[in-house]
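See below for the structure under consideration.
The values are calculated or read from the model by the stated rules, or taken from the named source; none is laboratory data. Note that the structure is predicted; figures quoted are calculated from it, not measured. Methodologically, a virtual Cβ is constructed for each residue, glycine included, from the backbone with ideal geometry; neighbour enumeration extends over all protein chains shown. Surface accessibility is based on the protein's heavy atoms, side chains included, excluding ligands, DNA and RNA. Shrake-Rupley method; radii C 1.70, N 1.55, O 1.52, S 1.80 Å.
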Amino acid sequence: LDVTIPYRGSKGPLHLLVDSTGIKVEGEGEWHRRKHGASKRRAWRKIHIGIDEETLEIRAVEVTSSNVGDAPMLPKLLKQIGLDRQIATVTADGAYDTRACHDAIADRGAA
């Protein structure tokens, strides 16, 4: 599902903050498990997100299964930001400290 996220824009080059978080997926059986105590593995999804440091608006987002790592998603997040938009910096935690991430950031001319 392709989603277009409205964005007002910030002044000057983009300073992108990137991270991910997990969310639990509740289905119709969740109530039954809580009521009757049946244990079952819960389904989790990961949201990988990039936000504008200045406006705190979402610039890029990907939802994956819980077994997808953070680093492989960074190039996909950067591709969601148009090439006409200059990226000055990308700030992320150590999970993104890989050669592929450094290359993707450098390809966009960012630090």
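Yes/no matrix, rows are residues, columns are (1) over 21 Å from residue 11 (Cβ atoms); (2) open to solvent by 50 Å² or more (accessible area, probe 1.4 Å):
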site	(1), (2)
60	no, no
64	yes, no
67	yes, yes
72	yes, yes
75	yes, no
81	no, no
87	no, no
91	no, yes
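Within segment 62-111, restricting attention to residues that are assigned to a strand (DSSP E or B) and more than 17 Å from residue 51 (Cα to Cα), the residue that is modelled with the lowest pLDDT is 65.
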